[in-house]
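What follows is a single structure, written as structure tokens, with notes after it.
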Amino acid sequence: MTKKEIALNAVEALKTEYPDALCSLTYSDPLQLLIATRLSAQCTDARVNMVAPALFERFRSAQDFAAATPDEVAEYIKSCGLYKTKSRDIVAMAQMLCDNYGGEVPGSIDELTKLPGIGRKTANLVCGDIFGQPGVVVVDTHCIRITRRLGLHRQTDQKKIEFELRKLLPPDESNNFCHRLVLHGRAVCTARTAKCESCCMNKFCRGAFKSDKK
């Protein structure tokens with residue numbers, strides 16, 4: 001079975017297993033998703049969702065964040081980890097949004113990755129979930145681990161993985177596919193143990209039932 005065939009089988013299997021492909025982060029506008037994703041670095045989505053309501057109640061726009069100090073933002077996000085760095089990035093990001101984009105979140109990966117603290121993972125997520133752009137691939141730890149076990153790549157570099165997967169996945173399915181990988185990575189194909197016996201992809205996964213899952 002070719003990599004393309006494995007990818008297409010994976011798309012269909014995960015679509016059946018997880019029909020509701022939704023982002024795990026709670027947000028109500030593009031700015032909130034952008035900031036929530038920045039907060040999720042080395043932090044669980046569940047923790048971010050606990051912190052976000054108070055943060056977004058206090059700072060409701062890019063202008064509000066831009067006018068704040070990093071210390072003011074930090075008070076709301078201390079439990080997220082790396083909060084000093086994240087608070088500095090959020091304020092600087094908001095200032096750049098106000099200065100260069102009228103306080104609005106841009107809709108291209110190239111523009112998004114110019115923002116402080118924003119990498120391709122976050123940029124792809126925003127472009128897919130907010131702007132509905134096809135062909136985006138959100139390469140997080142679940143995506144890296146599961147697609148590697150499937151045999152779709154042997155890469156470790158996130159950008160290289162992104163572009164390899166773009167060649168294999170249908171553009172209109174790639175964003176939801178990545179959301180489903182998160183759900184599957186938490187429930188079945190975890191970092192510690194791959195529960196191959198209960199995996200919906202074990203018939204075509206190249207790493208199924210092998211001992212070297214990591």
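Where a number appears in this text, it was derived from the coordinates with a stated rule and is not lab data. These numbers come from a predicted model, not from an experiment. Counting neighbours? That spans all protein chains shown, and the Cβs are built from the backbone with ideal geometry, glycine included.
Entry for region 30-129 at q = 0.12, 0.13 Å⁻¹: log10 I(q)/I(0) = -0.32, -0.38, Debye formula applied to identical alpha-carbon scatterers, no solvent contribution.
Its relative contact order, with pairs defined as Cα atoms under 8 Å and 6+ residues apart, puts the chain at 23 percent.
Expressed as a fraction of 2.2 N^0.38 Å, the value expected for a compact globular protein of N residues, the C-alpha radius of gyration of region 173-214 is 1.15. Under 28 Å of direct C-alpha separation, and excluding same-chain neighbours fewer than eight residues apart, K86 reaches these lysines: K78, K114, K121, K159, K160. Between P19, P116, P70, the GNM of the chain built on Cα springs shorter than 10 angstrom shows P19 fluctuating the most. Straight Cα distances below 14 angstrom link K3 to the aspartates and glutamates E164, with same-chain residues fewer than 8 positions distant left out. Note on the chain: Kirkwood radius taken over Cα pairs, Stokes-Einstein applied at 25 °C and 0.890 mPa s, translational D equal to 136 µm² s⁻¹. Inter-part distance, region 25-103 to region 165-214, computed on C-alpha centroids, equals 30 Å. Please give the net charge around K86, taking every other residue with its beta carbon less than 11 angstrom from that of K86, where Lys and Arg add +1 and Asp and Glu add -1. The answer is +3. K210: which aspartates and glutamates have alpha carbons under 13 Å from its alpha carbon, excluding same-chain residues fewer than 8 sequence positions away? Of all the aspartates and glutamates, those that pass the test against K210 - Cα under 13 Å, at least 8 places apart if same chain - are E197.
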